[in-house]
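Structure record follows, encoded as structure tokens.
Just so it is clear, none of the values below were taken in a lab; they were calculated from the coordinates. The structure presented is a predicted model; accordingly, all values stated were derived computationally and were not measured. Cβ sites come from the backbone with ideal geometry, for glycine too, and all protein chains shown count toward neighbours.
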Amino acid sequence: ATTLGASAAEQGRYFGTAVAAYKLSDTTYANLLRTEFNSVTPENEMKWDATEPSQGTFSYGSADQIVNLAKSQGKKVRGHALAWHSQQPPWAQSLSGTALRNAMVNHVTQVATHYKGQIDSWDVVNEAFADGGSGARRDSNLQRTGNDWIEVAFRAARAADPAAKLCYNDYNTDGQNAKSNAVYAMVQDFKARGVPIDCVGFQSHFNAQSPLPADYQANLQRFANLGVDVQITELDIEGSGTAQANSYAAVVRACLAVTRCNGITVWGIRDSDSWRASGTPLLFDGSGNKKPAYTATLTALNGG
Ligand code: G3I
């Protein structure tokens, strides 16, 4: 096929992008979104600070805008993210202990209920493990409510929206290392104890310091072998030209080689849409023109 989404669909996958609601009025952006992608992830609009700006008061306007557009265009939605140490509203940042735990559970329940039946996959918990070699949980206000906070969040999400796939999502877990080993052990434990988890998201933010690992496919496969789906959730790759194109193609081929790799999401459409302050990590340039990385991605999605 001739677009990213249609080509991925022929392989039984989706190809998505992060979307910012405030950019939907930009016609270049909206046209690329409409034609090239068949899944969307709200980049910031479903986060705790956006959806519950004051405790018990929920605000879904920007996220609903994205979800409604996606529905009207037949696209899947990845929900991002129910429980995370970052982008918490100030009121949550100031809570601890039982008050924070109860607020977190209520937040998961309310947001997952609001979007019940409309979300393909939820990032239930995001970035809960520490960087480096410790294999430990990341210290955070949520972690300090008790080590069981992650499974409590997953159980609340399942109860609220039984049809959504429930994912754990993280970065620097793309190859086999101490951090991904720790996530692996958690998923294995959840499966053994019947904690509801359906998928693991690999953010895949790559640059010179953190390049595409040689064992990327093997790492996706070992998680899939635990009985969960795997998804590439926030892909961007610093660089340009042939080197960047080859890396994008390698990511696509790795996903296609893993039966339980459902889809790939890039973290923005044009280079100018990227969260990175500088650089050219995406598939379209700032004017919306297709880059070599686009062509390589499309070719790989078509089995080339
Ligand atoms: O909306 C306000 C605006 O009103 C204000 O004037 C402006 C001034 O700084 O800030 C705007 O909010 C920013 C928001 O993006 C929307 O553009 C925040 O400051 C900024 O922190 C926020 O950054 C987001 C970042 O997550 C926050 O952690 C990025 O857009 C988003 O791409 C990034 O996404 C994360 C994933 O959620 C998790 N994985 C890593 C990934 C990249 O960092």
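Listed values, structure above:
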| item | result |
| --- | --- |
| nm² value of the averaged projected area, convex hull over the Cα atoms of the chain | 14.3 nm² |
| Pairwise centroid distance, computed over Cα atoms, of segment 236-258 with segment 65-90, Å | 25 Å |
| log10 of Debye I(q)/I(0), alpha-carbon scatterers only, for segment 176-226 at 0.13, 0.28 Å⁻¹ | -0.34, -1.21 |
| Fraction of antiparallel bridges per DSSP, segment 1-156 only, in percent to nearest 5 | 15 percent |
| Alpha carbon Rg of segment 112-161, scaled by the compact-globule rule 2.2 N^0.38 Å | 1.34 |
| Likely footprinting exposure, Thr280, Thr295, Thr265, fewest C-beta neighbours within 10 Å first | Thr295, Thr280, Thr265 |
| Restricting segment 111-209 to trypsin sites (Lys or Arg not before Pro) in coil, as DSSP defines it, with at most 16 other Cβ within 10 Å | Lys116, Arg138 |
| Descending semi-axes in Å of segment 263-304, equivalent ellipsoid built from Cα gyration tensor | 20, 11, 7 |
| Computed helical MRE - 222 nm, the chain, DSSP H runs ≥ 4 contributing -39500 (n - 2.57), nearest 500 | -12000 deg cm²/dmol |
| C-alpha center-to-center spacing [segment 187-219, segment 271-296] in angstrom | 25 Å |
| Cβ-based exposure ranking for His85, His80, His107, in which fewest neighbours within 10 Å come first | His85, His107, His80 |
| Per-q log10 I(q)/I(0), segment 159-304, q = 0.15, 0.17, 0.18 Å⁻¹ (Debye; single scatterer per alpha-carbon; no solvent) | -0.75, -0.92, -1.01 |
| DSSP beta bridge pairing in the chain, given as percent antiparallel to the nearest 5 | 10 percent |
| Relative exposure of Thr2, Thr233, judged by other C-beta atoms within 10 Å (fewest first) | Thr2, Thr233 |
| About the Cα centre, charge dipole magnitude for the chain (Lys/Arg +1, Asp/Glu -1 at Cβ), debye | 520 debye |
| 3J(HN,Hα) from dihedral phi, segment 282-288, Karplus parametrisation 6.51/-1.76/1.60, rounded to Hz, x for glycine, proline | 10, 8, 10, 6, x, 8, x |
| Alpha carbon convex hull of segment 1-59, volume per residue in cubic angstrom | 76 Å³ |
| Scattering curve values for segment 94-230, log₁₀ I(q)/I(0), Debye with Cα scatterers, q = 0.12, 0.19, 0.22 Å⁻¹ | -0.48, -1.14, -1.38 |
